[in-house]
1. Could you grab the pairs with beta carbons closer than 7 Å, sequence gap of 6+ or different chains, first residue in the range 136-161 and in contact (Cβ under 8 Å) with a residue 24 or more places away in the chain, second one in a loop (DSSP other than H, G, I, E, B) and open to solvent by less than 30 Å² (accessible area, probe 1.4 Å)?
2. Which members of the range 142-193 meet the condition of being hydrophobic (A, V, I, L, M, F, W, C), surrounded by fewer than 19 Cβ atoms within 10 Å (Cβ to Cβ) and not in a loop (DSSP other than H, G, I, E, B)?
3. Which residues, counting only those in the range 225-241, are free of Cβ contacts under 8 Å to residues at least 40 places away in the same chain and within 19 Å of the chain's Cα centre (by Cα)?
4. Look through Arg245, Arg237, Arg229 and report the one residue that is modelled with pLDDT of 90 or more and open to solvent by 90 Å² or more (accessible area, probe 1.4 Å).
5. Among the residues of the range 85-107, is there at least one that is of a type in the set (Val, Ile, Thr) and assigned to a strand (DSSP E or B)?
6. Evaluate the following for Ala117: is it within 22 Å of Thr212 (Cα to Cα), touching a residue at least 24 places away in the same chain (Cβ under 8 Å) and crowded, with 19+ Cβ neighbours inside 10 Å?
7. Can you tell me which of Gly94, Gly103, Gly50, Gly43 is more than 14 Å from the chain's Cα centre (by Cα), touching a residue at least 60 places away in the same chain (Cβ under 8 Å) and crowded, with 18+ Cβ neighbours inside 10 Å?
8. Which members of the range 54-74 meet the condition of being assigned to a strand (DSSP E or B) and open to solvent by 10 Å² or more (accessible area, probe 1.4 Å)?
Amino acid sequence: MLSEANGANKALVELEHIDLTFNPGTVNETCLFEDFNFRVDRGEFVSVVGSNGSGKTSMLNLICGTLSPEKGRILLDGEDITKVPEFRRSKRIGRVFQNPAKGTCPDLTILENLSLADNKGKPFGLARGVNPVKRGEYRELLSRLHMGLEDKLETAVGSLSGGQRQALALLIATMTPIDLLILDEHTAALDPKSSETVMELTLQAIEEKKLTALMVTHNLRFATDYGTRIVMMHEGRAHLDSYGRNKAEYDVDYLLKEFTEISIELGN
């Protein structure tokens, strides 16, 4: 079981000597990570970019517990969580997916979704699932999104727009105290205006709650405009890492140049 964070270690997340192979023993066997090491320090906002198959989402899945490494270990605030199941890790790790449906229950109302999120990590029992006393608190939380959702508490989440649902998913992921926020291409399915709004809300949540964040994105401008560190993945390695350097060196043109060089290397 996960113990509470003690803040004793500057590194919040550490992947140590990770090996990960897909479809082992078959003609489709693919070794993605071999002796892979990665760390995220407490308070960092890391933007991760890279081509498809470079290891971006697999790294997130390893941290969240969706995937298990063949070798190596995963530490959260100094504690080995390699064999801790995903649902236990979720007590301290919030995740927003590319598909808003993965972070919300479309057939339930906004009120019911927030009530479920509010009870995350609490003991199960025969109690009222929706606490009417909380309505005012939920309205206040929703009003900060500036999307008018505070007046739609009884509306089914599935009827909301993509931007509204993703903003709600972000609120749900950060509603209870967490140490790490995982953003898995969370603006990729949105139109440009909604993407900008959700990114602004993301930064607001990170700063207000003093969260450590790890964001995978294909939007190079978001990678350069937001966060404190940029990592470019390639073939299961950190091809580029702004760690310890001036992040301002990595503008969109520079990242595009790196992508082009990788594509030429792959024969594209």
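The values are calculated or read from the model by the stated rules, or taken from the named source; none is laboratory data. Computed from a predicted structure; not experimentally measured. Counting neighbours? That spans all protein chains shown, and the Cβs are built from the backbone with ideal geometry, glycine included. Just the protein is used for accessible areas: all its heavy atoms, side chains included, with ligands, DNA and RNA removed. Shrake-Rupley method; radii C 1.70, N 1.55, O 1.52, S 1.80 Å.
1. From the range 136-161, the pairs are Tyr138/Leu153; Val157/Thr104.
2. Ala156
3. Selection gives Asp225, Asp241.
4. Arg237
5. yes
6. Yes, satisfied.
7. It is Gly50.
8. Passing the criteria: Lys71, Gly72, Arg73.
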